[in-house]
Structure formats: C-alpha cells, structure tokens
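FYI, it's all coordinate maths here, none of it is from the lab. Since the model is a prediction, treat every value here as computed from it, not as a measurement. All Cβ positions, even for glycine, are placed from backbone atoms using ideal geometry, and neighbour counts span all protein chains on display.
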Amino acid sequence: MILSSCANCCFNPLQYGAVGTPVGYCTEHRLILNTSSELTCGRHLRKDLMLSSAERENQQHAQCFSADRVALLRTGESANGGYVRTRVADLDGLRSDPVASAVTEYGLLGTKIESLAQLRVIPGARAEIAMLSLGRSYVRRCVQRGGAWTSGIHLAWWTGRRLAEEPVLSVDDIRTEAPLPLNRRIDLAKWSIVVLRLVFVSDVALHARQAGHRFGRLANLAEEAAEETSALSARRLLAWASRKGRARFDAVLPESGYIRISQHIREQSAACGS
C-alpha cells in the first residue's frame, strides 16, 4: 500500500491496509475509487499517523495536489472514468454490502454522527474501520470549524469500551495479496485495527488537552502502546490494552464522567433549540 494514496486516507473508509472491499470510496468527492492505491488529492489524511503528523503530511501533500479533484498519484493529472466511477449502477453494486451502503450514504440521509452510529452497530472489523476512519475526519473537521472536542466523545466512549476486544475479521475481509501465511496476514490486520482504535482515542484526547480537559491525558495512548509492545502482534497489543490501556481509559473517563459530558451536550442542544 502506498501511504500517500487514497488507499490510506481517512476519507476512504472502505479500505485499510490488507482489509476492505476491492474498490474504495471517497466520502469527500463522492467517487468510487477503482484503483485507490494509484490515486490521491489535496485533502489526503493518512490513517496510519497520529493526528499531528497526519496534519503536517496533509499540508505538504496539499502543496502538490488540488483539494478539488482526485488525481493520479504518479502524474498529478485528473483521474478519469477508468480510475473513478460515479454511475448509479456501480453505486448500487457497492450498496449491496452493509458497510459500503452506510459509507456511501454518509452525511446524505441524516447527520454524520447518525451514520457513524449506524456503522457502530454493524458487526465485523470492516464496519469498525469505517467508523474509526470517518470518526477521525469528523472530529478533526468539527474542531477546525470552532466546535468542541466533545463532538467526538460518543465515538471515543464506544471505542474505549472495545479497546481490548479482538477484532472480528474473516478471510473474506482480506483484499490484498502478500507473500505471508494467511494466519499471519490476519494477525497483522487485527493488530492494525487495534492501533487504529488507540490512534482515534489519542486524536480526541489531543483536542481535549488543547481545551484543558482531563481526557487529554490520553493524547499519548497510542505512542505508549507502541513503546511497550514493539512486536507487530495482535495478541500482545490486545494484552496491553486489557492490562493497561483500558484501565487508563476508565480512570480518565469513567462512566459517570461520560454521562455528565453527554448530559451537558444535550442541555446545550436543547438551549439552542436543536
């Protein structure tokens, strides 16, 4: 996977490393990405990096590629119909899959948080990848537009609850070829999903730290996990998440704290008449 391509962008929630559908989908440009590893645009937000690093990469990338169109990564030329699709028939084909259906409707048939909540209840690792990928871009954009870090509190809470749960991944979820035994490929995929959970929590915590909230103490959670579990092993990372990660999350945001924040959000919404 080319890290600067659409295959590794948060706005393409259908693919993440070896996991996903054969084609991607860009929720920014509303395009099916037939060859996502060959495409990019100036909005590119890397899935594999912590938020601060992803922001720096985004700024550098935007100097080379326009934010208004999907382009070929190797030349910068606009991607034509062979690389991207918008036809209704193609979209209907994608929508036969529950995860892809929720992604293509993201923000169209309701609020974006409603779409993310829909992904949360779809079983399997692909739905979780989609929720976390879009969740990163959703919270980032809310904060950029002057919103509060608590725009991501529900997503962070849901993610914290499953921090130490083994991702539900099947052979059918693997989309790429690799010279590795299948069991090892599945283990690496599970490891990467747990990392994505940790990175998302760290994202929200970074915004919270900037706002002076105690949830900000988790801003380095993903980095701490990486330091203590250097081997690319899902078993070891899940053991760390069970032993330390989940305990840290619960200490910083117990259920009572989550309820207080949620009630405050509802009260603010009621006061605004929304």
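Per 0.36 nm of contour for each residue apart, how much would the distance between Ala226 and Glu166 grow if the chain were fully extended, relative to their Cα-Cα spacing? Walk me through the numbers on the way to the answer.
On the way: separation 60, 0.36 × 60 = 21.60 nm, distance 1.74 nm.
Contour length minus Cα-Cα distance gives 19.9 nm.
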Q.
Apply the Karplus curve 6.51 cos²θ - 1.76 cosθ + 1.60, θ = phi - 60°, to the phi angles in region 57-73 and return the couplings in whole Hz, x for Gly and Pro.
A. 4, 4, 5, 5, 5, 5, 6, 10, 10, 6, 7, 8, 8, 7, 10, 6, 4
Q. For Val171, Val103, Val199, Val23, what ranking results if the residue with the fewest other Cβ atoms within 10 Å of its Cβ goes first?
A. Val171, Val23, Val199, Val103
Q) Quick one: length gained pulling Gln60 to Thr111 fully straight, 0.36 nm per residue minus the C-alpha distance? A) 15.3 nm
Q) Residues with amide H under 5 Å of Val70's amide H, sequence separation 5 or more or different chain, H placed in the peptide plane at 1.01 Å from N; which? A) Ala79
(Q) For Ser53, project a label point 7 Å along Cα to C-beta. Then give me every residue of region 186-202 with its amide nitrogen under 14 Å of that point. (A) 195-196, 198-200, 202
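Taking only DSSP H segments of four or more residues, each worth -39500 (n - 2.57), what value at 222 nm results for the chain once the sum is divided by all its residues, to the nearest 500 deg cm²/dmol? Intermediate results must be reported in sequence, preceding the final value.
Numbers: 11 runs with 133 residues, N = 274.
It comes out at -15000 deg cm²/dmol, rounded to the nearest 500.
For the residues Asp92, Asp250, what sequence is obtained by ranking on other C-beta atoms within 10 Å, fewest first?
Numbers: Asp92 11, Asp250 14.
Exposure proxy ranking, most exposed first: Asp92, Asp250.
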Q. Tell me, Asp187, Asp68 in order of fewest to most beta-carbon neighbours within 10 Å?
A. Asp68, Asp187
(Q) Please list log₁₀ I(q)/I(0) at q = 0.12 Å⁻¹ for the chain, using the Debye equation with identical point scatterers on the alpha-carbon positions. (A) -0.74
Q.
Under the rule of at least 5 residues apart or a separate chain, name every residue whose amide H is placed under 5 Å from the amide H of Leu39.
A. Cys6, Ala7, Leu73
